[in-house]
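Q: Encoded as structure tokens, here's the structure I'll be asking about.
Quick note: the coordinates plus some simple rules give every number you see, no bench work behind them. Worth saying up front: this structure is predicted, and the values here are computed from it rather than measured. Cβ atoms come from the backbone with ideal geometry, glycine included; neighbour counts cover every protein chain shown.
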Amino acid sequence: MRLGELTDSDTLKLCDPRKLIRRSSVQVTPDNYSFFLPGHKGDRFFRGNTIIIPKNDKDYTLNPS
């Protein structure tokens, strides 16, 4: 995801409600969280995609002791 897909532009001409991620599409489960990403420039047919981000149980510490 790029920041532009997660935020709205300050310029009204650049705002496209068809590309907004709706809070109502977010689903959180013990194993993952997901949301619906509507049409974007990589989606030739503008059908949208469901983005699923799985839970990661690995411990990524910077200074293991």
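Q: Scan around Leu37 for amide H atoms under 5 Å from its own, H built in the peptide plane at 1.01 Å from N, and keep only partners 5 or more places away or cross-chain.
A: For Leu37, the qualifying residues are Asn49, Thr50, Ile51.
Q: State the extension gain, in nm to one decimal, for the chain segment bounded by Phe45 and Lys13, taking 0.36 nm per residue of separation less the distance between their alpha-carbons.
A: Details: separation 32, 0.36 × 32 = 11.52 nm, distance 2.23 nm.
Taking 0.36 nm per residue and subtracting the Cα distance, the gain is 9.3 nm.
Q: Take each of the peptides 47-58, 18-29, average the number of other beta-carbon atoms within 10 Å over its residues, and list them starting from the highest.
A: Working: 47-58: 10.0, 18-29: 11.8.
Answer by packing, highest mean first, reads 18-29, 47-58.
Q: Using R₀ = 35 Å, calculate the FRET efficiency as 1/(1 + (r/R₀)^6) where r is the Cβ-Cβ separation of Arg22 and Asp57; round to 0.05. Please list the in-between numbers first.
A: Details: r = 29 Å, r/R0 = 0.83.
Step by step, r from the Cβ atoms, then E = 0.75.
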